[in-house]
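Visitor: Here it is: the structure, laid out below.
Any read-out appearing in this document is the output of simple, stated calculations on the displayed coordinates, not a laboratory observation. Computed from a predicted model, the values in this text were never measured in an experiment. Using ideal geometry, Cβ is built from the backbone for each residue, glycine included, and neighbour counts are taken over all protein chains shown.
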There are 2 protein chains.
Amino acid sequence: MDLKVYLEERRNLVNRALEAYLPAVRGPAFRVVQAMHYSLFVGGKRLRPILCLAAAEAVGGDPGEALPVACALEMVHTYSLIHDDLPAMDDDDLRRGQPTCHKKFDEATAILAGDGLLTEAFHLLAAAASRFEGREAMLLEVTELLAKAAGYRGMVGGQMLDLMAEGRKINLKELELIHRCKTGALLTAATRSGALVGGGNRIQVAALTSYGERFGLAFQITDDLLDVEGDAAEMGKAPGMDEQRQKATYPALVGLEASRQWAKRLVEEAMAEVESFQDRAAPLRELAKYLLVRRS
Amino acid sequence: MDLKVYLEERRNLVNRALEAYLPAVRGPAFRVVQAMHYSLFVGGKRLRPILCLAAAEAVGGDPGEALPVACALEMVHTYSLIHDDLPAMDDDDLRRGQPTCHKKFDEATAILAGDGLLTEAFHLLAAAASRFEGREAMLLEVTELLAKAAGYRGMVGGQMLDLMAEGRKINLKELELIHRCKTGALLTAATRSGALVGGGNRIQVAALTSYGERFGLAFQITDDLLDVEGDAAEMGKAPGMDEQRQKATYPALVGLEASRQWAKRLVEEAMAEVESFQDRAAPLRELAKYLLVRRS
């Protein structure tokens, strides 16, 4: 399979669905909807929705059916970026080379746009009930796991830990916990929810959850490696920022070569988890392999 | 019935449930859980959960069964207060005479605590699935209506409109829209969700929704009246703040006497909506009447 063509096609599918779920309509409170729309469409690889669709496909499900879940994941991801970029948090003016939400609009609007996207993710899931008649318990399970991944047990907790780690040395165990909460939880929720909505059995769901956990950690390690070795033009951001900000990273804690080896092992483990799915898991295998060669 | 005793008993019921759902446990990200806990327990009349339980009771449901829904409403309410108080929004240092979340902790923690409570509300609903076996579709309907009331169609939109109205004159139609979104939506969601979880039929659900809409508007009008006529000690905040901030209010737009008459008519209409429920709606009738004599 051609991963580039596959990703392009899936990105289009996801973008069309997101546009349908959150049209940039005018209305009394149009400003906040505009801000939500801006951040949702200012770029983004759509990695989480694509993982969700691929997991649904791997268990024999219809990726089209999984679109509400996939789009809910992207809304939660986008909300977290908007809030993380706020002056009181990481204080970033640019993301993907474009003004962050509070720079494009203002701080109050950005806080509300984040709140709006987080809420809309749950609205999208619950409103999909009519499409999942007889499978409401599954939809509630997906809702629960998304909320668990997003809240204080996951992303909110991870961002808190990240802020608390600022300005002090942390060890590998702490670094892993931050990443598991901050990015790993949602990536794992993506494959797990995809497996559930695709109709996977408990063994398949467990395998795709495990794939997601390994993918998530490998994603973070290669992200750290990119910051050391990457090219500004290809990444759309300056490399070396982690060192400049004195952020703990895998290369800084265990060394470059050990980080590369670790990422490679995690990718192999992720691929092994989906071996039994044969051809239907080809996209998941290609996505995992891609982590080791990605340039952005 | 003695409303004071009833309210006290229900507040205790809700507080015990909230404490069980969000224990102030220590853990890696304990700081954000602490902040969530602080704001959730710093005071509050628990009006939304009490309305939800009373609506469940009115249709013959078990109020205890409705507790997860009632507590989810209070979490959404508390999140909205935390974010509205932020420096970028209304910039309030005190609420109910106590430091606001960003004053007690810091701005980043307050943003995350709000995000955490909003997310936890949906977690609570979804995780209640096992208690509602065979009624999953109802639970999803409640989730959808809570998300609709909280998001850009409701509270988020209302706060955006409120911020956009700052410093300019607005008319009565705009004022009503702001309040319907900002406070009315969640109060209406409280009675509607209570009716659904209590097992009400469509006619009962419609009547309790209509009750909630009238209650919500009467609540806002009497809130505005209190700001003109109220006593600082009884309210726990200084009166006259609306005028000082040049905020549009009902008394300012239609006059004191017309506001009083309007609130009275709305309370009568709300009571008429629940007349057919007879004794089981006694608490809802007392709650509506109380709006006209409340001092805080």
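Visitor: Check A:Y152: other-chain or 5+ apart residues with amide H under 5 Å from its amide H, H built from backbone geometry?
Guide: Here the answer is A:G157, since their amide H atoms fall under 5 Å of that of A:Y152.
Visitor: Please report the spacing between the Cα centers of segment A:94-147 and segment B:15-36 in Å, no decimals.
Guide: Each part's Cα centre sits 24 Å from the other's.
Visitor: Next question. State whether segment A:106-192 is rounded, prolate or oblate according to the following rule on the C-alpha gyration tensor (a ≥ b ≥ c being the square roots of its eigenvalues): a/c under 1.5 gives rounded; otherwise a/b larger than b/c gives prolate, and the remaining case gives oblate.
Guide: oblate
Visitor: Pairs of Cα atoms under 8 Å, at least six residues apart: use those to get the relative contact order of chain A, whole percent.
Guide: On the way: 423 pairs, mean separation 60.4, N = 296.
Contact order relative to length: 20 percent.
Visitor: Next question, about the same structure. Assuming a ≥ b ≥ c are the square roots of the Cα gyration tensor eigenvalues, decide whether chain A counts as rounded (a/c under 1.5), prolate (otherwise, with a/b larger than b/c) or oblate.
Guide: Working: a/c = 1.58, a/b = 1.05, b/c = 1.50.
Oblate is the answer for chain A, as a/c is 1.5 or above yet b/c matches or exceeds a/b.
Visitor: Determine ³J(HN,Hα), in whole Hz, for all residues of segment B:72-83 in sequence, where each value follows from phi through the Karplus function 6.51 cos²θ - 1.76 cosθ + 1.60 and θ = phi - 60°; x replaces Gly and Pro.
Guide: Calculated HN-Hα couplings, in order: 4, 4, 5, 5, 5, 4, 5, 4, 5, 5, 4, 6 Hz.
Visitor: Between A:S130 and A:R280, how many nm apart are label points set 7 Å from Cα along the C-beta direction?
Guide: 2.9 nm
Visitor: Okay, next question. Relative to the other copies, what are the label-point distances for A:E268, with labels 7 Å from Cα along the C-beta vector, expressed in nm at one decimal and sorted shortest first?
Guide: Result for A:E268, in nm, nearest copy first: 8.1.
Visitor: Shifting gears a bit: What nm distances, shortest first, do you get from the label point of B:V228 to those in the other copies when the point sits 7 angstrom along Cα to Cβ?
Guide: Counterpart label points of B:V228 in the remaining copies fall at 6.9 nm.
Visitor: I've got another one for you. Can you pull the one-decimal nm distance between simple spin-label points at B:D2 and A:D93, each 7 Å off the Cα toward Cβ?
Guide: 6.4 nm
Visitor: Can you tell me the dipole magnitude for the protein assembly as shown around its Cα centre, using point charges on the Cβ only (Lys, Arg +1; Asp, Glu -1), in Debye to the nearest 20?
Guide: Details: 72 positive and 84 negative charges, 54 e Å.
Magnitude of the dipole: close to 260 debye.
Visitor: Segment A:38-77 to segment A:279-296: how many Å between their Cα centroids?
Guide: About 16 Å separates the Cα centre of segment A:38-77 from the one of segment A:279-296.
Visitor: Can you tell me the FRET efficiency between A:K247 and B:E176 if r is taken as the Cβ-Cβ distance and R0 is 51 Å, rounded to the nearest 0.05? Could the numbers behind the result be given before it?
Guide: On the way: r = 49 Å, r/R0 = 0.96.
E(calc), rounded to 0.05, equals 0.55.
Visitor: Please list 3J(HN,Hα) in residue order for segment A:91-106, calculated via the Karplus relation 6.51 cos²θ - 1.76 cosθ + 1.60 where θ = phi - 60°; whole Hz, with x for glycine and proline.
Guide: These are the phi-based 3J(HN,Hα) values: 6, 9, 8, 10, 9, 6, x, 10, x, 5, 4, 6, 7, 5, 10, 7 Hz.
Visitor: For segment A:34-188, calculate the relative contact order in percent as a whole number, restricting contacts to Cα pairs under 8 Å that are 6 or more residues apart.
Guide: Numbers: 160 pairs, mean separation 34.1, N = 155.
Averaging sequence separation for qualifying contacts and normalising by length gives 22 percent for segment A:34-188.
Visitor: Quote the FRET efficiency, to the nearest 0.05, computed for B:W262 versus B:K45 with a Förster distance R0 of 22 Å and r equal to the Cβ-Cβ distance.
Guide: 0.45
Visitor: Each residue of segment A:174-181 in turn: what ³J(HN,Hα) in whole Hz from Karplus with 6.51, -1.76, 1.60 and θ = phi - 60°, glycine and Pro shown as x?
Guide: Using θ = phi - 60°, the values come out as 5, 4, 4, 5, 4, 5, 4, 6 Hz.
Visitor: Let me know the longest stretch in chain A that avoids all GluC sites (Glu not before Pro) found in a DSSP loop with at most 14 other C-beta atoms within 10 Å. Could the numbers behind the result be given before it?
Guide: Details: sites that count: A:E133, A:E166.
Here the longest run is A:1-132.
Visitor: Listing B:Y211, B:Y79, B:Y38 from the residue with the fewest other Cβ atoms within 10 Å to the one with the most, what is the order? All intermediate terms of the calculation are to be shown ahead of the outcome.
Guide: On the way: B:Y211 31, B:Y79 28, B:Y38 20.
Sorted ascending by nearby Cβ count, the order is B:Y38, B:Y79, B:Y211.
Visitor: Restricting attention to segment A:1-77, which trypsin sites (Lys or Arg not before Pro) occupy a DSSP loop and are surrounded by at most 16 other Cβ atoms within 10 Å? Can you show the working numbers first?
Guide: Details: sites: A:K4, A:R10, A:R11, A:R16, A:R26, A:R31, A:K45, A:R46; in loops: A:R26, A:K45, A:R46.
When the trypsin sites (Lys or Arg not before Pro) of segment A:1-77 are filtered for loop state and at most 16 Cβ neighbours within 10 Å, A:R26, A:K45 remain.
Visitor: Something else now. If you stretched the chain out fully between B:A272 and B:N201, how much longer would it get, using 0.36 nm times the residue separation minus the C-alpha to C-alpha distance? Let's see the in-between values first.
Guide: On the way: separation 71, 0.36 × 71 = 25.56 nm, distance 1.80 nm.
Answer, rounded to one decimal: 23.8 nm.
Visitor: Take the rotation relating chain A to chain B, measure from its axis to every Cβ in chain A, and name the nearest residue with the distance in whole Å.
Guide: Smallest Cβ distance to the axis, with its residue: A:E136, 2.
Visitor: Further question: Taking H placed 1.01 Å from N in the peptide plane, check which residues at least 5 places from A:L94 or on another chain put their amide H under 5 Å from its amide H.
Guide: The answer is A:T100.
Visitor: Now for a separate question. At 222 nm, what value in deg cm²/dmol follows for chain B if DSSP H runs of at least 4 each add -39500 (n - 2.57) and the sum is divided by all its residues, to the nearest 500? Provide the component values of the computation, followed by the final result.
Guide: On the way: 16 runs with 203 residues, N = 296.
Helix-only estimate at 222 nm: -21500 deg cm²/dmol.
Visitor: B:G61's amide H: which non-local residues (gap 5+, or another chain) put their own amide H closer than 5 Å, with H modeled 1.01 Å from N in plane and none for Pro or chain starts?
Guide: HN-HN under 5 Å from B:G61: empty list.
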